[in-house]
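Just below is one structure, and these are the notes that go with it.
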Amino acid sequence: MDLRRIDLNLLVAFDVLLEERSVTRAAERLFVGQSAMSATLARLRNLFNDPILIRQGRHLVPTPVAESLVGPIREALALVSATLTRRSGFDPATDHRTFSIFASDYLTFVFLRPLLGALSREAPNVKLQIRPISGDFIDHLRQNQVDLLITAREAFPRHIDFPNQELFSDRYVCAADAHHPEIGERLTLDQFESLPYLATQPGLFPSVAEMELDRLGIVRNTEATTGFMLGFFLLPGTRLVSLVPERLGLGFTQHFNVRLLEPPFPPITITEIMIWPQRNTEDPSHRWLRERLLALAAKLFGGAPPTQ
């Protein structure tokens, strides 16, 4: 193939078209007209001698050739982007950058929320796209489709396959209505196992707490399952007990009629880490974000030794 025929913008358009699988939505994302995007798709078909997207019912689906090109083209675009960024450097006070971050509601509330206020002053053109952790997050990391994943190290043993760094630690504590009729100054193991239990499942996977309770052989009278944040709306006025990260619980007991109690079993701790694609390691803007998150963790929680 004659490289002189290739416009880098064609590869950008290919990536967006394959992600959106819609000419209209791809045009909106790239801020071009639909006719211009249709012309771009025609150029891509000519370049690769393949239809790229074919209609199947009411939807467009990629051809086998197009699917085989997704990974290599995204890697090539990421390499070009990283190379150009390294050459130009990064000034948070003036430069524009949008970071995509996978994080749970719990991490967004206790950790990323304070960062948003600081960024408006320190880096007014830096934006965060915070999304819940999806089932294909590993593919997103490998294909450089997300800048950072923040999660508990205990929940993701394969973190060692990627660059990562420790941020802060937390532990699980019990939570219940502040005037629970059956709980006195302390919660016993018999009470924990017999009272109706509110299990936690942040996103698609059970929490570290639920997995650890299973390992310890502690039974639960599970009545409902929800995310951490919603649990604080459900506990007041009920006989439910639950397990929540302590840092989140301390923030929410100020607003809800809920109290925190010491668990009647061995401590369950978690260590929150940030994980990123290898190609982003030397990127100046990405390195600035990681350093900013480390500084924030140290300020809020005393920090943690790096484990990169």
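Worth a mention:
- For segment 109-174, the extents of the C-alpha atoms along the principal axes are 38, 36, 20 Å, listed from largest to smallest.
- Loop-located trypsin sites (Lys or Arg not before Pro) in segment 1-68 (DSSP state not H, G, I, E or B) with no more than 11 neighbouring Cβ atoms inside 10 Å: Arg58.
- Computed from the Kirkwood radius of its Cα pairs, the Stokes-Einstein diffusion coefficient for segment 3-88 at 10 °C and 1.306 mPa s stands at 118 µm²/s.
- Principal-axis tilt of helix 113-122 within the chain, Cα atoms, nearest 10 degrees: 50
- Ellipticity estimate at 222 nm from DSSP helix runs (n ≥ 4, -39,500 (n - 2.57)) divided over the chain, nearest 500: -12500 deg cm²/dmol
- Calculated P(r) tail over 22 Å for segment 221-308, as whole % of Cα pairs: 48
- Distant alpha-carbon pairs in the chain (separation over 25 angstrom), percent: 59
- ³J(HN,Hα) computed for each position of segment 45-62 - Karplus, 6.51 cos²θ - 1.76 cosθ + 1.60, integer Hz, glycine/proline x: 4, 5, 4, 9, 6, 7, x, 6, 10, 10, 7, 10, x, 9, 10, 9, 10, x
- Zero-based 10 Å bins, Cα pair distances in segment 169-270, whole percents: 16, 56, 27, 1
- For the chain, the relative contact order comes to 22 percent (Cα pairs under 8 Å, sequence separation of at least 6).
- GluC sites (Glu not before Pro), loop per DSSP, at most 15 other Cβ atoms within 10 Å - longest free stretch of the chain: 1-181
- Relative to the longest principal axis of the Cα atoms of the chain, helix 64-88 runs at roughly 80 degrees.
- Neighbourhood charge, 15 Å Cβ-Cβ cut-off, centred on Arg239 and excluding it, Lys, Arg +1 and Asp, Glu -1: -3
- With contacts taken as Cα pairs under 8 Å at a separation of at least 6 residues, segment 104-227 carries a relative contact order of 26 percent.
- In plain terms, if you count all Cα to Cα distances in segment 60-175 and split them into 10 Å steps from zero, the share in each step is 10, 33, 36, 17, 4, 0 percent.
- Local net charge near Asp50, Cβ-Cβ under 14 Å (Lys/Arg +1, Asp/Glu -1): +1
- Of the beta bridges in the chain, as assigned by DSSP with both residues counted there, near 60 percent are antiparallel.
- Size check on segment 43-82: the Cα extents along the three principal axes, sorted descending, read 39, 19, 15 Å.
- Relative contact order [Cα under 8 Å, 6+ residues apart], segment 169-270, whole percent: 51
- The trypsin sites (Lys or Arg not before Pro) found in segment 207-308 that occupy coil by DSSP, while having at most 16 further C-beta atoms within 10 Å, are Arg239.
No value in this document is a laboratory result; all are computed from the given coordinates. Nothing here was measured: the structure is a model prediction, and the numbers come from that model. All Cβ positions, even for glycine, are placed from backbone atoms using ideal geometry, and neighbour counts span all protein chains on display.
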